Amino acid sequence: MLYFKSEKMESNFAGETVISVSMQRNLVLAFSLTFLSMTAFAITPDPADQSGYTREFKLLDVDGNGKLSASEIQKDTLFNGGGFSKADKNGNKSLSENEYATYKSAVQQKETKRVAKDSAITSKIKSKYLLEKNFKSFDVSVETKEGVVLLSGFVDNEATKTRAGQIAARVKGVKAVKNGIVVKP
């Protein structure tokens, strides 16, 4: 079991490891950066290697004519909201396997980049919380979606709640902060 102490790493009377607050912050930062790099390098399918897309395409091609109609593509929610017309590059009111795979790959790559950016924002905010003096960073949860940060958790006073929102708002890429932190009575 690990215990946290404010000076340096040492063993206590029971032989358990005690870690300083600064080492704790460095460990959390290292774990955050490792997670971020794993997210940033998520693999998305290459349009040239479309075996996964080929399988999906053939499952959707109910009539087996090698083209997807607007009614056939409705089973793939990625194409809802105008996706079919965007993917239909030649305007023939049907999608070839290449049109299907190219559009789907582009949308998935865009989503992967968004998730990576959101993860980076969350990691930066959590790192700043760790560096903030007299701030119990583990009492505050941070979630980010499309640049909007949601803060939640419980803190001891209104000043800490306000400070958490200010720190989050100053991070590059943050579009808005929804501060749902609750001050303990």
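With a Förster radius of 22 Å applied to the beta-carbon distance between residue 107 and residue 59, the computed FRET efficiency rounds to 0.75. Residues within the reach of a label modelled at residue 131 (point 7 angstrom out along Cα to beta-carbon, backbone nitrogen below 12 Å), restricted to the range 146-167: there are none.
Couplings 3J(HN,Hα) of the range 62-79, computed from phi: 4, 7, x, 8, x, 9, 9, 8, 4, 6, 5, 6, 4, 6, 9, 4, 5, 9 Hz, in residue order, whole Hz [Karplus 6.51 cos²θ - 1.76 cosθ + 1.60, θ = phi - 60°; x for Gly and Pro]. About the centre of its Cα atoms, the range 51-111 shows a dipole size close to 120 debye [charges on the beta carbon of Lys, Arg (+1) and Asp, Glu (-1) only; nearest 20 debye].
Taking amide hydrogens as placed 1.01 Å from N in the peptide plane, the amide H of residue 140 sits under 5 Å from that of no residue at least 5 positions away in sequence or on another chain. Shape descriptor for the range 61-173: Rg over Rh equals 1.27 (Cα atoms; Rh from the Kirkwood inverse mean 1/r). Length available on full extension from residue 93 to residue 138: 0.36 nm per residue minus the Cα-Cα distance, which gives 10.9 nm.
Between residue 152 and residue 117, what length comes free when the chain is fully extended (0.36 nm per residue of separation minus the Cα-Cα distance, one decimal in nm)? Result: 10.6 nm gained on full extension. Computed from phi, the 3J(HN,Hα) profile of the range 168-179 under the Karplus parametrisation 6.51, -1.76, 1.60 (θ = phi - 60°) reads 4, 5, 7, 6, 4, x, 6, 8, 7, 10, 9, 8 Hz, with x in place of Gly and Pro.
Read the figures in this text as sums done on the coordinates, not as results from a lab. Keep in mind that this is a model prediction, so the values were computed, not measured. Please note: Cβ atoms are built from the backbone with ideal geometry, for glycine as well, and neighbour counts cover all protein chains shown.
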